[in-house]
Every structure is written in structure tokens, then in C-alpha cells.
Amino acid sequence: MHVVPDLKVLYFGTPVVLISSRNPDGSANLAPMSSAWWLGRSAMLGLGDSAQTTANLRREGECVLNLPSSAMVDAVDRIALTTGRPTVPEHKAAQGYRYEPDKFALAGLTRQPSDLVTPPRVAQCPIQLECRVVASYPFGGTPSHATAFQVEVLRAHVEQDLVIPGTSYVDPLGWDPLIMKFCEFFGGGRNVHPSRLAEGWRMPHGRRAVAPTS
């Protein structure tokens, strides 16, 4: 039997992406997000208009989409409630966000130079996609509160062990992406780590005890 629960969130599960972009002062920003999908060599990214990453993409027109594995969940969660905006928007402050100028350091991640764009890659991420923005669209109602960015993947960097030998394909059995479902972290089909984001958004399941990964 189906019910009509008037869902508040439609977030059934998408890969987590760490977007690296360049701030106005030339420093690197790093932001976790999971409203992303791909088709061919293009991707669509959904970002809130108050995000520093949104401003950076509009100004610079380029980024790197770094895809973490589920084993990297702790690093991702450490920066989940941070923003690269020195002035934290009021609604984000109410959710527990704080300004963090160096998210790479906070997450314990390493900058790696990109080949074709200015923002750095995340060395620990098994998949890194250098991208340029080709279009952007208002999204999320009237007035809109978010932007959908269409980006072109200029170059894909993939950990060698994930490539099927003799091909140009990623091994789907070897690749275990970090997935976010309703603000909770999943990998290999199981809940892998407590989520600061779920706490910040006051999700009803956010206070369940979840054993952290070793």
C-alpha cells in the first residue's frame, strides 16, 4: 500500500561531490554537495545561491568535481557545516554553519594541481573531474533560491586500480562512491557515519546512533 506523506525532502540518494573552486583572493574553496548528475561529458550541479561556491563558479567559470569514496566519509563530514563566505548567511548560521577559510586543512585533504583549470584537485579522491561552466539557470521556485550549473568535463583523472585493464571504463565493482540519502551518509548499501548535516537540518533520523567507521 502506498501513502501520501507530503515529503519535505526529495533526496533519494546521489553521489557526494567535493567541489573545489577559486575564491576572490585566489585561495581554494572546497565544498561538499550531492545535487549532481552526469550525461555524456556534461554534468548538472545544483547549488544554493548563498553558497561561496556559487559565487566562485559564476565569477571564475571553472571547478573540479572530486568524487570521494565511502572510506573518505570522515573527511567530508568535517567540513559539512562550514562555508567559505566570511559573512555567514543567517539561515546557515541557524543550522550551525561557520566560516572556514581553509577547508582542505580542516578536512585533512591535500591540494593537487589541475591540468586545465585553476582550482586544485583533491589528491585523496579516486575520481577527479576538471570542468568549465557552460551555462547556468535559476532553479527552485519563484523567486529562485538556487542555481543549476551546466558544466563540461574537460579531463577525468581516475585512480588506476579503478580502471578495467585494457579499457577506458571504471570498474563498477571496485568503485564505492560515498552516497547521501536524506542527509545521511551511505556506502556499500549501509549507513557508514553520523552526519553533521542531518543534525543541522534537524532531520528526524539525525540523532540515531550510528557506529563510526574505523
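Things worth noting here:
- Extending 7 Å from Cα along the Cβ direction at H145 and again at V4 yields two label points whose distance is 2.4 nm.
- In the chain, taking the dipole from charged Cβ atoms about the Cα centre, the farthest positive-side position among S27, M72, P204 is held by P204.
- Placing a pseudo-label 7 Å from each Cα along the Cα-to-Cβ vector at V134 and A156 gives an inter-label distance of 1.5 nm.
- The mean sequence distance of close C-alpha pairs (under 8 Å, at least 6 residues apart), as a share of the length of the range 9-163, puts its relative contact order at 26 percent.
- Nonpolar atom fraction for the chain, defined as the carbon and sulfur part of the 1.4 Å probe accessible area, stands at 56 percent.
- Over all orientations, the range 1-155 has a Cα convex hull whose mean projected area works out to 10.8 square nanometres.
- Exposed loop sites here are trypsin sites (Lys or Arg not before Pro) assigned a DSSP state other than H, G, I, E or B and surrounded by at most 13 other beta carbons within 10 Å; excluding them, the longest clear run of the chain is 42-201.
- Rounded to the nearest 20, the Cβ-based charge dipole of the chain about its Cα centre (Lys and Arg +1, Asp and Glu -1) stands at 440 debye.
- Neighbours of G48, meaning other residues whose beta-carbon lies under 14 angstrom from its beta-carbon, give a summed charge of +1 when Lys and Arg score +1 and Asp and Glu score -1.
- Rotationally averaged projected area of the range 70-214 (alpha carbon convex hull; nm²): 11.1
- Whether the range 41-86 is rounded, prolate or oblate, judged on the alpha carbon gyration tensor where a/c under 1.5 counts as rounded: oblate
- With all protein chains in place and ligands, DNA and RNA left out, the 1.4 Å accessible area ranks Y137, Y11 as Y137, Y11, largest first.
- Stretchable slack from E199 to W38, in nm (0.36 nm times residue separation minus alpha-carbon distance): 55.1 nm
- Among F12, F186, F104, the sequence by solvent-accessible area, most first, with a 1.4 Å probe is F12, F186, F104.
- Accessible area (Å², 1.4 Å probe, nearest 10) - H193: 20
- In the context of the full set of protein chains, residues of the chain present 54 Å² of accessible surface per residue (probe radius 1.4 Å, heavy atoms only).
- Shown are L39, L178, whose ranking by accessible area with a 1.4 Å probe and every protein chain present, most to least, is L39, L178.
- Long-range Cα-Cα pairs in the range 131-199 (distance over 13 Å), rounded percent: 76
- Considering only G166, G84, G26, the mean-square fluctuation computed in a Gaussian network model of the chain, springs between alpha carbons under 10 angstrom, is largest for G166.
- Förster-model FRET efficiency, 41 Å R0, Y11 and L173, C-beta, rounded to 0.05: 0.95
The values are calculated or read from the model by the stated rules, or taken from the named source; none is laboratory data. Just so it is clear, the model here is predicted, and its values are computed rather than measured. FYI the Cβ positions are ideal-geometry reconstructions off the backbone, even for glycines, and counts take in every protein chain you see. Only protein heavy atoms, including side chains, enter the accessible area calculation; ligands, DNA and RNA are left aside. Shrake-Rupley method; radii C 1.70, N 1.55, O 1.52, S 1.80 Å.
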